[in-house]
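Participant: Provided herewith is a single structure, encoded as structure tokens, for subsequent inquiry.
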Amino acid sequence: MSTIPSDFKYSAEHEWVSPAADGVVTLGITDFAQSELGDVVYVDLPEVGNTYAAGDAIGAVESVKAASDVYTPVSGEVVEVNEELGNEPGTVNKDAFGAGWICKIKLSAPDEVDGLMDATAYGEFCK
Amino acid sequence: MVAFAGWDMPVQYKGILDEHRAVREACGVFDISHMGQFHAHGEGTTAWLNGMFTNNLEKLIDGVGQYSMMLNERGGVIDDLIIYRLGEDDYFIVVNASMIDEDYAWLMAHKPEGPQLENLSAEYVGLAVQGPKCESVFEAVCPGVELPAHNGILRFKVDGEKLIVCRTGYTGENGFEFFCAAQQGVKWFERMITAGAQPCGLGARDSLRLEMCYSLNGSDLSPEKTPLEAGLSWCCDLTKDFVGVQTLREQKAAGRPTALVAIEYTEKGAPPRHGYEVQLRDGTPLGELCSGVLSPTLGKGIAMAYVPAQHGKVGTEVQVVVRGKAVPAVIVKKPFLKK
């Protein structure tokens, strides 16, 4: 398993969010989550323009055997989605913390990020 | 690992897609020790079992097996199985893991004086070796022994060890199913791997069988559906008498109420799964998916569902509802994978 990026924040549902840039974070599922799922064959992306509250299901990541909902740990509007995953869903397996990102969210409540786990806490959480 | 009929079974070893590909292109080995084995023998066994199973045992010669069904009084499927004729009134039967106790009880409840039925399920480890390179694997682990022909069974010995090999499988590939004494199972599993077979789990077993439209009892077969509805009339001989035959004869005459159809996505969509609703394109509900998977070989969603027979024609445009979204699909001819 790859190392857990130290500058990201993590949810108990195994999503990560990047540090905010101009109020926008990138969201994905963690390497631990992809390794539990196995080969990802389909990613159900949210629609750009939709707004969500923290805890909402925004899409799904599916392996051959199971569908797993993706929850946003932060509230806001989806401003971009990773269309590449439509053709190459396996990117989530290969690079969960990078090219396998799912969407970008413009934060409506930036303080929510502070309530998430840091890399050390998440690493412990996965043990 | 998952719980399966009282066993801890691996869903995957390396990865479902990788294991699926190995079976289609080279060779894989599945641990099928969970499956049940019965030995039925003694005077009157053929007549007894011919009254219990849908296929006709009179068609078998020594060393050959056939796919068959055991039904309840209403013509619904209790289990699907393979029965091999070892000799006169002497049969080896392989049944589903989850049904061993129920099958045994049902057979015993209908057994006349004379025949003997032994449940040998705990005594055997089973290994399904499947894929185009299976013959070289067998040659390496059992040198000098010739594999039986398709659907055949062979009892033989290696270094004094009693073994059984059947030329059957659940993947659509060239393959064999190998049975040895339970305590020797790990050794033979490792020998198969050394000879070139890749370990494969339940996940690949399911995606491989569904590409071939092989039914899974509990998903595609049920006590509420007849083999005619499941599209398995080819293994039902309605000219002989067996438990459940009356319903089948009535359905043959009057038409079956539902049909298990093969459904293929015509556009990209989230993988079809058990329980998803299938509808006509105008939203008319037809039923629920029994089985579904994103076919690793074909790269599209494939599924099976019971639909009202009048809507079951090949070419019927349908849709599968996934999390509120309708994915366009069409009823196609079985199997999905044309070999």
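The values are calculated or read from the model by the stated rules, or taken from the named source; none is laboratory data. As the structure is a computational prediction, the values presented were derived from the model and not from experiment. In this analysis, Cβ positions are derived from the backbone assuming ideal geometry, glycine residues included, and neighbour counts consider all displayed protein chains.
Participant: Looking at B:Gly51, B:Gly15, B:Gly76, which is the one that is at positive phi and among the small types (Gly, Ala, Ser)?
Facilitator: Among B:Gly51, B:Gly15, B:Gly76, only B:Gly15 is at positive phi and among the small types (Gly, Ala, Ser).
Participant: Shifting gears a bit: If we keep just the residues of region B:1-23 that are surrounded by 22 or more Cβ atoms within 10 Å (Cβ to Cβ) and either touching a Ser or Thr at 6+ places or on another chain (Cβ under 6 Å) or part of a strand (DSSP E or B) (or both), which is nearest to the other protein chains (Cβ to nearest Cβ)?
Facilitator: B:His20
Participant: Within region B:288-311, how many residues are surrounded by fewer than 20 Cβ atoms within 10 Å (Cβ to Cβ), among the small types (Gly, Ala, Ser) and in contact (Cβ under 8 Å) with a residue 24 or more places away in the chain?
Facilitator: 1
Participant: Same structure again: Could you tell me whether B:Gly275 is of a type in the set (Gly, Ala, Ser) and in a loop (DSSP other than H, G, I, E, B)?
Facilitator: Yes.
Participant: Follow-up. Determine, yes or no, whether B:Pro227 is outside the structural domain of B:Tyr13 (by TED's automatic domain parsing) and not hydrophobic (A, V, I, L, M, F, W, C).
Facilitator: So B:Pro227 passes the test.
Participant: Additional query: For the condition part of a helix (DSSP H, G or I) and either closer than 21 Å to B:Ser215 by Cα or over 21 Å from the mean Cα position of the chain (by Cα) (or both), what is the one hit in B:Glu118, B:Glu58, B:Glu43?
Facilitator: Just one listed residue meets the conditions, B:Glu58.
Participant: So which of A:Val78, A:Val64, A:Val40, A:Val48 is surrounded by 15 or more Cβ atoms within 10 Å (Cβ to Cβ), away from chain B (no Cβ under 12 Å) and either over 11 Å from the mean Cα position of the chain (by Cα) or among the β-branched types (Val, Ile, Thr) (or both)?
Facilitator: Result: A:Val78 is the single residue among A:Val78, A:Val64, A:Val40, A:Val48 that is surrounded by 15 or more Cβ atoms within 10 Å (Cβ to Cβ), away from chain B (no Cβ under 12 Å) and either over 11 Å from the mean Cα position of the chain (by Cα) or among the β-branched types (Val, Ile, Thr) (or both).
Participant: Can you pull out every residue in region B:140-154 that is touching a residue at least 12 places away in the same chain (Cβ under 8 Å) and either farther than 20 Å from B:Tyr67 by Cβ or not assigned by TED's automatic domain parsing to the domain that holds B:Gly172 (or both)?
Facilitator: B:Ala140, B:Val141, B:Cys142, B:Val145
Participant: Next up: Kindly indicate the residue of region B:155-167 that is free of Cβ contacts under 8 Å to residues at least 60 places away in the same chain and surrounded by 14 or more Cβ atoms within 10 Å (Cβ to Cβ) and also farthest from the chain's Cα centre (by Cα) among those meeting that condition.
Facilitator: B:Val158
Participant: Take the residues of region B:193-217 that are part of a loop (DSSP other than H, G, I, E, B) and under 11 Å from the mean Cα position of the chain (by Cα): which is nearest to the other protein chains (Cβ to nearest Cβ)?
Facilitator: B:Leu216
Participant: Name the one entry in B:Glu118, B:Glu102 that is more than 20 Å from B:Tyr170 (Cβ to Cβ), surrounded by fewer than 19 Cβ atoms within 10 Å (Cβ to Cβ) and touching a residue at least 40 places away in the same chain (Cβ under 8 Å).
Facilitator: B:Glu118
Let's see how each residue does on (1) surrounded by 22 or more Cβ atoms within 10 Å (Cβ to Cβ); (2) assigned to a strand (DSSP E or B):
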| position | (1), (2) |
| --- | --- |
| A:Glu13 | no, no |
| A:Gly28 | yes, yes |
| A:Phe32 | no, no |
| A:Val74 | yes, no |
| A:Gly86 | no, no |
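Participant: Here is a further query. Restricting attention to region B:280-324, report how many residues are more than 14 Å from chain A (Cβ to nearest Cβ) and either of a type outside the set (Ser, Thr, Tyr) or more than 23 Å from B:Leu221 (Cβ to Cβ) (or both).
Facilitator: Adding up the residues that qualify gives 24.
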